[in-house]
Amino acid sequence: LGTSCAAWLFDPNQRLVAGPVVKSNSPVAWAASSFAIGIDVYATKFGAAMMKMSGPAGSGFTVSLTQSNHGIPDIQRTLATWTMTPTGATPRYYYVDAEAPILLRAHTPYSLVFKPNSGDFAGGLSWMQYAGVSGWASPDEGRTWNSMIYPMCVQVDGYAVPEPSCLSVLGFSSGGLALWRGRLRNRVPR
């Protein structure tokens, strides 16, 4: 994983398997999928496998990126929020770009929280069969959370945070390049 190109930071063997239906006034009024990444990174893009079950045109999910020290999504620690609007009844991945890169710290639990942005909207999320983590469901808009059997299919895209030693090498290289260009400029007759 280099600092010059983006790559999937979290993509644990996704499988599009029918998952929970999220809708207002139900046992899954909100849903969340937790993840952690092994190194400090900047996240630039997020994806989720979802589908539209019912609701008016343009309705979908409000998705929030939250942080928590204990794994259960903490809405009070929201880092970013956006809208994702599935258009069909077949599950597929939908993506959204972050407005600016978002720093995610190594081994810190984060969650993507999915909540309907209309009381008339019902949407399906897809399970991923990934041992060791589980999804979360809230019947009361995030006040309490219950563990689910699997997490939802989510992806996080971005790039690694450069280490200080890498930054000094980059700075040294840039300085050397500027010096070399200056010498070339002095050799060229005017």
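The values are calculated or read from the model by the stated rules, or taken from the named source; none is laboratory data. Predicted model only: the values in this text are computed from it and were never measured. Don't worry about glycine lacking a Cβ; one is built from the backbone with ideal geometry, like all the others, and counts go over all protein chains shown. Just the protein is used for accessible areas: all its heavy atoms, side chains included, with ligands, DNA and RNA removed. Shrake-Rupley method; radii C 1.70, N 1.55, O 1.52, S 1.80 Å.
Is it the case that some residue within region 62-74 is at pLDDT 90 or above, at negative phi, surrounded by fewer than 17 Cβ atoms within 10 Å (Cβ to Cβ) and in a loop (DSSP other than H, G, I, E, B)? Checking region 62-74: not a single residue is at pLDDT 90 or above, at negative phi, surrounded by fewer than 17 Cβ atoms within 10 Å (Cβ to Cβ) and in a loop (DSSP other than H, G, I, E, B). Checked against (1) in a helix (DSSP H, G or I); (2) modelled with pLDDT of 90 or more, residue 181 meets all criteria but (2). Residue count for region 26-61, restricted to those that are in a strand (DSSP E or B), among the small types (Gly, Ala, Ser) and in contact with a Pro (Cβ under 8 Å, 6 or more places away or on another chain): 6.
Take residue 125 and decide whether it is over 12 Å from residue 34 (Cα atoms) and not acidic (Asp, Glu). In short, yes.
The sole residue among 103, 125, 79, 112 that is in contact (Cβ under 8 Å) with a residue 60 or more places away in the chain and open to solvent by 40 Å² or more (accessible area, probe 1.4 Å) is 103. Considering every residue within region 131-143, establish whether at least one is open to solvent by less than 10 Å² (accessible area, probe 1.4 Å) and either free of Cβ contacts under 8 Å to residues at least 12 places away in the same chain or of a type in the set (Phe, Trp, Tyr) (or both). So far as region 131-143 goes, no, none of its residues is open to solvent by less than 10 Å² (accessible area, probe 1.4 Å) and either free of Cβ contacts under 8 Å to residues at least 12 places away in the same chain or of a type in the set (Phe, Trp, Tyr) (or both). Taking first residues from region 12-25 that are closer than 19 Å to residue 54 by Cα and in a loop (DSSP other than H, G, I, E, B) and partners that are open to solvent by less than 40 Å² (accessible area, probe 1.4 Å) and at pLDDT 95 or above, the Cβ contacts under 7 Å between residues at least 6 apart in sequence or on separate chains come to 24/116.
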